[in-house]
Amino acid sequence: MATQRGGFSSRLGFILAAAGSAVGLGNIWKFPFEVGQGGGAAFVVMYLIFCFVLCFPVMVAEIAIGRKTQLNPVGAFKALGYKNWAIVGYLGLASGVLILSFYNVVAAWAFGYFVDILFGTFNVGEQAFGTFVADYVKVGGYGVLFMLSTAFIVSRGVSGGIEKAAKILMPTLFIMILALIVYALTLPNAMEGIKFYLIPDFSQITGKVIYSALGQAFFSLSLGMGALITYGSYVSKKDNIVSAAAAITLMDVGVATLAGFMIFPFVFSQGIETDGGAGLIFMTLPGVFESLGSVLGIVVGALFFLLLSFAAFTSTISLLEVPTAYMVDEKKIPRSKATWIVAIFIFIVGIPSLLSAGAVDSLTHFVTLKGAGDKSFMDFVGLIASDTFLPLGGFLIAVFTAYVWKKENFNAEMANGDEEIRGSWLQSYVDFAIGYVCPILLGSIFIVTVLDNFLGIRILDILFG
Ligand code: PFF
């Protein structure tokens with residue numbers, strides 16, 4: 001069985017692949033704009049705290065469940081003897097399918113920008129972004145390419161595909177980001193950007209900022225849908241999973257932090273507002289790159305969007321791997337065939353998202369929610385999968401680990417490959433967090449999302465003023 005499924009060839013390979021899953025659009029696209037909207041450094045501080053206090057323990061739990069059972073999220077709960085809890089695995093599958101369906105579209109934007117900038121066909125200007133994303137034939141083409149590449153890697157298996165890709169892409173990504181930071185710091189006003197980013201103004205912390213930082217940390221670490229259960233299922237019994245989880249968390253936090261050092265100097269060099277929201281990357285930065293002059297602008301701009309594409313790529317790989325592993329383990333379909341079936345299915349699920357960025361009016365203005373207002377199809381799917389399902393999944397995983405699977409079994413799996421963890425303060429903390437901190441915080445995110453967005457009850461305003 002184990003040889004059929006494959007596995008990571010080394011601990012480093014696992015760490016890089018999991019860090020690749022974590023490092024994605026969330027770090028380089030979403031994190032800076034959340035920082036921009038959440039008042040700068042105050043948001044960064046909250047985010048860092050939540051990554052370690054809340055997310056790290058959930059990551060250990062996910063990896064432990066995966067490694068213990070050597071199965072996909074659905075099979076894992078069943079194998080532990082809790083058939084009903086397989087529902088958490090199915091919820092994870094649904095999240096993976098939905099997230100990849102729109103994530104691939106945003107990845108296609110990033111990749112399309114890279115190609116257009118490189119070949120000088122990029123249009124800079126007020127309308128450029130809107131025109132680009134509404135061109136569904138073009139974005140669809142890049143989307144097909146992105147999904148094909150993702151499926152190609154996943155079809156090659158864990159060590160021959162996923163691990164190999166991560167070993168090339170992750171170091172390259174680090175080098176690109178460092179190069180861009182060094183350059184960005186030479187721009188005029190760069191220090192203003194750094195100040196905004198690093199000097200916290202704690203009066204900016206509101207209930208909303210805390211809520212956003214919690215959700216962002218959780219999404220950024222790829223938790224709540226069993227991606228780490230799946231990757232954990234390919235980890236050797238001899239490996240130390242607690243320190244691996246720490247390394248993955250550090251890398252993810254590291255890349256998000258570095259992204260800020262790159263983006264805020266860019267933005268401030270042009271004296272642009274930081275609260276541009278989702279458009280900060282796709283609308284604001286191209287203008288910054290253009291102002292650098294034709295050659296330099298092309299080099300820096302293309303490099304930036306290639307970086308964003310690479311980051312997205314290691315994440316789409318992990319998103320596709322979750323349903324693929326399910327098909328391989330539970331449906332006994334050979335990996336390569338399973339990969340292509342799932343990839344085609346998810347691409348089709350993503351078509352309405354592709355069309356909801358201006359191409360089709362009824363999808364662009366898909367629903368009006370009581371709390372969240374007008375949402376495109378794509379934003380709506382994001383709201384359901386990333387903001388609702390992931391915290392719910394995380395809540396259930398924490399409750400399961402602490403109270404159903406039980407701490408003794410969880411601790412025994414943690415200590416596999418690391419006897420020193422037994423009885424250590426770190427293990428005590430992870431146990432405490434999984435039993436109390438994680439269920440409370442994740443349950444709260446879920447409740448706030450539902451009340452605020454769907455029911456229009458501004459619970460954060462009511463509680464925090
Ligand atoms: N962590 C990824 C990002 O920050 O872009 C997104 C993601 C990937 C979420 C894989 C969940 C997942 F399972």
Give me the Å³ per residue figure for the convex hull around the C-alpha atoms of the range 131-188. 87 Å³
re the range 103-151: pairs of Cα atoms spaced beyond 15 Å account for a percent value of 41 percent
Once all Cα-Cα distances of the range 295-418 are split into 5 Å bins that start at 0, what whole-number percent is in each one? 2, 8, 9, 11, 14, 17, 15, 10, 6, 4, 2, 0, 0
What angle do you read, to the nearest 10 degrees and between 0 and 90, between the alpha-carbon axis of helix 438-449 and the longest principal axis of the chain? 40 degrees
Report the calculated FRET efficiency for Thr131 and Val349 (r = Cβ-Cβ distance, R0 = 22 Å), to the nearest 0.05. 0.30
Principal axis lengths of the range 32-71 from Cα atoms, whole Å, largest first? 43, 17, 7
To the nearest 0.05, what FRET efficiency results for Lys195 and Leu48 with a Förster distance of 25 Å applied to their C-beta separation? 0.90
A correct Stokes-Einstein calculation for the range 88-171, using the alpha-carbon Kirkwood radius, 25 °C and 0.890 mPa s, returns a whole-number D in µm² s⁻¹ of 167 µm²/s
For the range 1-154 the mean separation of alpha carbon contacts under 8 Å (6+ apart) over residue count, i.e. relative contact order in percent, is 13 percent
Square roots of five times the C-alpha gyration tensor eigenvalues of the range 29-133, ordered largest first and given in whole Å, equal 37, 22, 11
Taking only protein heavy atoms and a 1.4 Å probe, what accessible area per residue, in Å², does the range 347-465 have with all protein chains in place? 46 Å²
I need two numbers for the range 139-283: Rg to one decimal and Dmax as a whole number, Cα atoms only, in Å. 18.6, 53
In the range 376-465, if the dipole is taken from +1 on Lys/Arg beta carbons and -1 on Asp/Glu beta carbons about the Cα centre, which of Ile421, Ser376, Phe446 is farthest to the positive end? Phe446
What percentages, rounded to whole numbers, describe P(r) for the range 240-342 computed over all alpha carbon pairs with 10 Å bin width beginning at zero? 12, 29, 25, 21, 11, 2
Tally up the carbon and sulfur contribution to the accessible surface of the range 324-465 as a whole percent, 1.4 Å probe, everything protein left in place. 67 percent
Which of the chymotrypsin sites (Phe, Trp or Tyr not before Pro) across the range 121-182 are loop residues per DSSP, with 13 or fewer other Cβ within 10 Å? none
When the convex hull of its Cα atoms is projected in every direction, mean area for the range 181-227 (nm²): 5.1 nm²
Expected 222 nm ellipticity per residue - DSSP helices of 4 or more, -39500 (n - 2.57), all of the chain, to 500: -21500 deg cm²/dmol
Just to confirm the filter: which chymotrypsin sites (Phe, Trp or Tyr not before Pro) across the range 303-384 are DSSP coil and have at most 12 other Cβ within 10 angstrom of their Cβ? none
Once the cut-off is 22 Å, how many percent of the Cα-Cα pairs in the range 1-77 end up in the long-distance tail? 40 percent
Hey, can you grab everything whose amide H is under 5 Å from the amide H of Leu185? Only 5+ residues off in sequence or another chain; H modelled, so Pro and N-termini drop out. none
Using a probe radius of 1.4 Å on heavy atoms only, what accessible surface per residue do you get for the range 160-288? Whole Å² is fine. 35 Å²
When the dipole is taken about the Cα centre of the chain, and only Lys, Arg (+1) and Asp, Glu (-1) are charged at their Cβ, what size is it in debye, to the nearest 20? 1480 debye
Where does the range 261-300 land on Rg(C-alpha)/(2.2 N^0.38 Å)? 1.09
Low-density loop positions, trypsin sites (Lys or Arg not before Pro), the range 391-465 - DSSP coil, at most 15 other Cβ in 10 Å: Arg422, Arg458
Full extension between Asp374 and Thr121 adds, at 0.36 nm per residue less the Cα distance, a length in nm of 87.8 nm
Separation between the Lys337 and Lys406 pseudo-spin-labels, each 7 Å from Cα along Cα→Cβ, expressed in nm? 4.1 nm
Alpha carbon centre of the range 44-80 versus the range 258-337: separation in Å? 25 Å
Would you kindly calculate the translational diffusion coefficient of the chain, applying Stokes-Einstein with the Kirkwood radius from alpha carbon pairs, for 20 °C and a viscosity of 1.002 mPa s, and quote it in µm² s⁻¹ without decimals? 97 µm²/s
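The values are calculated or read from the model by the stated rules, or taken from the named source; none is laboratory data. Here the structure is a predicted model, which means the values were calculated and not measured. When we count neighbours, we look across all protein chains shown, and the Cβ atoms used for this are built from the backbone with ideal geometry, even at glycine. These accessible areas exclude ligands, DNA and RNA; they are computed on the full protein's heavy atoms, side chains included. Shrake-Rupley method; radii C 1.70, N 1.55, O 1.52, S 1.80 Å.
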